[in-house]
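One structure is given below, encoded as structure tokens.
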Amino acid sequence: MALKAESVSPNWELTQLLDIFPLPIRQSLVRLPHLETIIEVVLDLGRAPEARFESDFVYLSETPVSPEDIAHVCSRISGFGADNRAGIEQTLHRISAIRNRTGKIVGLTCRVGRAVYGTIDIILDVLRSGKSICLLGRPGVGKTTMLRECARVLASDRKRVVIVDSSNEIAGDSDIPHPGIGTARRMQVPDPALQHAVMIEAVENHMPEVVVIDEIGTEAEAAAARTIAERGVTLIATAHGQTLENLLMNPTLSDLLGGISAVTLSDEEARRRGTRKTVLERKQPPTFDILVEIHDRDRLAIHKSVADVVDATLRGYQPQPEIRQRGASGEVAILQEAEPESMPLVVESIEGVALEREEGQRPLSIFPYGVSRSKIERAIHNLRLGASIARTWDDADVVFALKSLERKGQPKLKQIAAENVPIYAIKTNTTTQIQLALRDVFRLGSIDHEEIAMREAEEAIYQVMLTSQAIELSPQTSYVRRMQHQMAEKHRLHSRSTGLEPNRRVRIYRGGE
């Protein structure tokens, strides 16, 4: 069934944007051959104005942007909010300000807003399932456009839909919502920091069946989303991240997928699973039932059961989502069926580089001896290698062992060596060190030292937030240590440098030390 909507003319909306610019810039814009595909106009003080397209940009003038040009634009738009965003009445355009240290505006990003109808044909059956849906994708891929269309279609199905519009990007910068949301209702947010409060207010005061939210990004907003879901209201939202794994590894937002906790297994259960005694498991039911990864405007990956996918991921499987693609004529094809648990964590090696193994041979099998199985799996996934975990050493092509155990001359390691199974010694039980060993095994070459150090810090931060146990990083230069301190501070953790040069290193902890 065609999804139709009444709307104002897109040309009229583009004209409204052009009218805010000084005459020379406006004339340059009008002369552009593909003006209808423009994404944004950038005005930075002292630089030439730019028109940006999806994969290119052009300068609009050789004359640098002046304070008067910026003042001219600001006088023709609504006032900037606490998030430094403004708009144009009855349009979806967004103008964002860059300020100097004194608060003066020295740059403007004028993003073109468009209501594109029919963008959710590709997930219409999923949308009408009545389940909560989370949309993920990189900036500019069309998440907000799709979210707006979701609200309109559900409202046309006679659902009570309320949009929590943090920066007026979904329903436009006007007290009268843009026609692009149909009959859905919109609640504006006075300050982005208060979005979570408006989310709860929407449920308590207006009895919605569906709440639509753009960009859940804070712990408070994640908690509010869970509260809404527990009250039986359907959630349609976007969140920061591109894939389910991004969200799962984000300490702030992982609760949207049920959260992760460390669980200690009995000896018998650990042997049955073939894992260490401490494993990661999902803490609670996820806030969202379905997760959609937006690869581009015409290609999506759909995880239809978030709970099952998260459980499979934590058990060491690479979930296989349903892949859908829209063709040139608008038909939707399913390129891959979903299999939440059937695919072990094995993918092709980077650009075909791997050990000299025959084509079609089974993936390289690794047996961990004193090394974390889950960290090996994560390292394999990070490097996108063709490898799997062996349950016993005699089934393995290679053994990864801690160097400290190798030095102690463990009898089993001697037995393994006697059977001519290669043993790779791992310096420390971290994903970073395991990735270095994998690169050696697969002959991938080295990677930048700073990148290794920052990956190690990122992993340590995740572990500290999960277990509250302090972790010391490898010795680094003062420059790298400073970057590691900044990363810890960003995640609201404490850090300090310890030791003497050249072995001075960063210690990351929760506090109280």
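The values are calculated or read from the model by the stated rules, or taken from the named source; none is laboratory data. Bear in mind the structure is a predicted one, so any value in this text is a computation, not a measurement. Please note: Cβ atoms are built from the backbone with ideal geometry, for glycine as well, and neighbour counts cover all protein chains shown.
Got a sec? Which of 66, 55, 61 is of a type in the set (S, T, N, Q), without any contact (Cβ under 8 Å) to a residue 12 or more places away in the chain and at negative phi? Step through it out loud before you land on a result.
On the way: 66 fails: without any contact (Cβ under 8 Å) to a residue 12 or more places away in the chain; 61 fails: without any contact (Cβ under 8 Å) to a residue 12 or more places away in the chain.
So the residue among 66, 55, 61 that is of a type in the set (S, T, N, Q), without any contact (Cβ under 8 Å) to a residue 12 or more places away in the chain and at negative phi is 55.
Quick one: in the stretch 9-18, of everything that is of a type in the set (A, V, I, L, M) and out of contact with any Gly (no Cβ under 9 Å at 6 or more places or on another chain), which residue is modelled with the highest pLDDT? Within the stretch 9-18, the match that is modelled with the highest pLDDT is 18. Scan the stretch 122-161 for residues that are in a loop (DSSP other than H, G, I, E, B) and not polar (S, T, N, Q) and the total you get is 13. Screening the stretch 307-413 for strands (runs of 3 or more DSSP E) wholly inside it with 2 or more residues that are modelled with pLDDT of 85 or more, under 30 Å from residue 119 (Cβ atoms) and of a type outside the set (Asp, Glu) returns the ranges 322-326, 332-336.
Does residue 450 satisfy the condition of being touching a Ser or Thr at 6+ places or on another chain (Cβ under 8 Å), surrounded by fewer than 16 Cβ atoms within 10 Å (Cβ to Cβ), of a type outside the set (Ser, Thr, Tyr) and under 24 Å from residue 376 (Cα atoms)? In short, no. Screening the candidates 458, 450 for the property of being part of a helix (DSSP H, G or I), farther than 18 Å from residue 502 by Cβ and out of contact with any Lys or Arg (no Cβ under 9 Å at 6 or more places or on another chain) yields one hit, 458.
Filter the stretch 179-214 down to residues that are without any contact (Cβ under 8 Å) to a residue 60 or more places away in the chain and within 23 Å of the chain's Cα centre (by Cα) and give me whichever is farthest from residue 158 (Cα to Cα). It comes out as 194. Just one of the numbered conditions (1) in the same structural domain as residue 84 (by TED's automatic domain parsing); (2) under 20 Å from residue 89 (Cβ atoms) is not true of residue 177: (1).
Per the conditions (1) touching a Pro at 6+ places or on another chain (Cβ under 7 Å); (2) in the same structural domain as residue 379 (by TED's automatic domain parsing), the sole criterion not satisfied by residue 504 is (2). The selection criterion, being under 26 Å from residue 145 (Cβ atoms) and out of contact with any Cys (no Cβ under 9 Å at 6 or more places or on another chain), holds for residue 14.
Here's the yes/no breakdown for (1) in contact with a strand residue (DSSP E or B) (Cβ under 8 Å, 6 or more places away or on another chain); (2) crowded, with 20+ Cβ neighbours inside 10 Å; (3) polar (S, T, N, Q); (4) touching a residue at least 24 places away in the same chain (Cβ under 8 Å):
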| residue | (1), (2), (3), (4) |
| --- | --- |
| 75 | no, no, yes, no |
| 98 | yes, no, no, yes |
| 101 | no, no, no, no |
| 110 | yes, yes, no, yes |
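I want to confirm something. Restricting to the stretch 297-308 and keeping residues that are in contact with a strand residue (DSSP E or B) (Cβ under 9 Å, 6 or more places away or on another chain) and not aliphatic (A, V, I, L, M), which single residue is farthest from residue 339 (Cα to Cα)? Can you show your working first?
Just the residues of the stretch 297-308 that are in contact with a strand residue (DSSP E or B) (Cβ under 9 Å, 6 or more places away or on another chain), to begin with: 297-307.
Those still in the list that are not aliphatic (A, V, I, L, M) too: 297-299, 303-305.
Numbers: 297: 23, 298: 22, 299: 18, 303: 9, 304: 10, 305: 10 Å.
Applying the filter and picking the extreme gives 297.
Residue count for the stretch 82-96, restricted to those that are part of a loop (DSSP other than H, G, I, E, B) and buried (at least 22 other Cβ atoms within 10 Å of the Cβ): 4.
Just checking, which of 487, 454 is modelled with pLDDT of 75 or more and more than 30 Å from residue 386 (Cβ to Cβ)? Result of the check over 487, 454: 487.
Taking the criterion of being among the polar types (S, T, N, Q) and under 13 Å from residue 120 (Cα atoms), the residues of the stretch 131-148 that qualify are 144, 145.
For the stretch 19-43, taking the residues that are touching a Pro at 6+ places or on another chain (Cβ under 9 Å), under 17 Å from residue 94 (Cα atoms) and outside any loop (DSSP other than H, G, I, E, B), the one that is modelled with the lowest pLDDT is identified as 36.
Right, residue 155: among the small types (Gly, Ala, Ser), under 26 Å from the mean Cα position of the chain (by Cα) and surrounded by 17 or more Cβ atoms within 10 Å (Cβ to Cβ) or not?
On the way: among the small types (Gly, Ala, Ser): yes; under 26 Å from the mean Cα position of the chain (by Cα): no; surrounded by 17 or more Cβ atoms within 10 Å (Cβ to Cβ): yes.
The answer is no for residue 155.
Considering the stretch 269-282, the residues that are touching a strand residue (DSSP E or B) at 6+ places or on another chain (Cβ under 8 Å), basic (Lys, Arg) and surrounded by 15 or more Cβ atoms within 10 Å (Cβ to Cβ) include one that is modelled with the highest pLDDT, namely 282. Among the criteria (1) part of a loop (DSSP other than H, G, I, E, B); (2) closer than 22 Å to residue 314 by Cβ; (3) of a type outside the set (D, E, K, R), the one residue 420 does not fulfil is (2).
Taking the condition in contact with a strand residue (DSSP E or B) (Cβ under 9 Å, 6 or more places away or on another chain) and assigned to a loop (DSSP other than H, G, I, E, B), does residue 48 pass? Even if it seems obvious, please write down each step before you answer.
On the way: in contact with a strand residue (DSSP E or B) (Cβ under 9 Å, 6 or more places away or on another chain): yes; assigned to a loop (DSSP other than H, G, I, E, B): yes.
In short, yes.
Go through the stretch 309-343 and count every residue that is out of contact with any strand residue (DSSP E or B) (no Cβ under 8 Å at 6 or more places or on another chain) and crowded, with 16+ Cβ neighbours inside 10 Å. Number satisfying all stated conditions: 3.
Among the residues of the stretch 168-219, those identified as under 17 Å from residue 236 (Cα atoms) and part of a loop (DSSP other than H, G, I, E, B) are 168, 169, 170, 171, 182, 183, 184, 207, 208, 209, 217, 218.
Filtered by the rule that a residue be in contact with a Leu (Cβ under 8 Å, 6 or more places away or on another chain) and under 30 Å from residue 190 (Cα atoms), the stretch 52-73 gives 67, 69, 70, 73.
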